[in-house]
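Everything below concerns the one structure shown next.
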């Protein structure tokens with residue numbers, strides 16, 4: 001299917017998909033509203049009046065509506081494929097994308113990006129060295145909170161199913177892999193010597209062919225045009241008028 005879609009004209013793809021109905025999710029977070037008493041103009045509130053009468057919490061609201069695909073996605077910008085699915089960029093965020101982004105966004109006074117695994121680029125040994133350096137440079141050493149944070153990071157790293165190093169075992173005795181030219185030859189000494197003899201044999205065959213070409217050229221210069229590679233040649237000399245009986 002991916003090969004077929006690669007040859008589909010973009011306009012044909014647009015008119016094939018633009019009316020497809022897809023769900024559009026709108027999410028409204030919960031909200032707390034404080035209610036205050038209302039008094040008629042020109043009147044004074046009673047002595048036992050309170051500044052507020054209560055707090056009302058409006059629960060989360062999720063609304064799902066159907067929209068055409070052209071309203072949600074940019075059909076003129078095909079990003080790629082995943083199996084038998086085409087991937088298009090969204091025109092705007094929705095409740096699902098905001099939920100998926102919550103681990104990557106940190107909101108203080110302003111919203112900024114946040115790495116959910118800020119120590120993912122360090123190995124276990126590097127984390128230990130960072131902890132030692134931090135303990136050495138901090139006056140009074142690490143606090144209990146900092147020690148617990150470092151401990152949680154190390155536990156998370158040690159229990160991570162993704163390994164820091166992988167060892168590949170090649171299941172064969174006849175396969176040799178070298179990324180760079182090695183300092184030591186892989187072949188045995190006998191095979192190396194045999195390779196050198198093969199090279200000399202090929203060089204001798206080349207010299208023999210060159211000398212043979214010179215000999216053939218010399219024969220042509222002397223007017224000898226016969227085939228020099230004849231294995232056996234018989235010459236009969238004598239009277240050419242000899243009668244041969246065939247009875």
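Taking label points 7 Å from Cα along the Cα-to-Cβ direction, residue 21 and residue 199 give a separation of 7.7 nm.
Placing dummy labels 7 Å off each Cα toward the beta-carbon, the span from residue 152 to residue 106 is 1.3 nm.
If R0 is taken as 22 Å, the Cβ-Cβ distance between residue 99 and residue 65 corresponds to a FRET efficiency of 0.80. Cβ-to-Cβ counts within 10 Å put 169, 70, 128, 64 in ascending order as 169, 64, 128, 70, the fewest first. For the pair residue 218 and residue 188 in one chain, pulling the backbone fully straight at 0.36 nm per residue adds 6.2 nm over the alpha carbon distance.
Sorting 68, 143 from the fewest to the most surrounding beta carbons within 10 angstrom yields 143, 68.
Cβ crowding within 10 Å, taken as a proxy for footprinting-reagent exposure, orders 107, 234 from fewest neighbours to most as 234, 107.
Computed from the coordinates by the stated procedures, all read-outs in this text should not be read as laboratory data. Given the structure is predicted, the values throughout are model-derived calculations rather than measurements. Every residue, glycine as well, gets a Cβ built from its backbone with ideal geometry; the counts of neighbours run over all protein chains shown.
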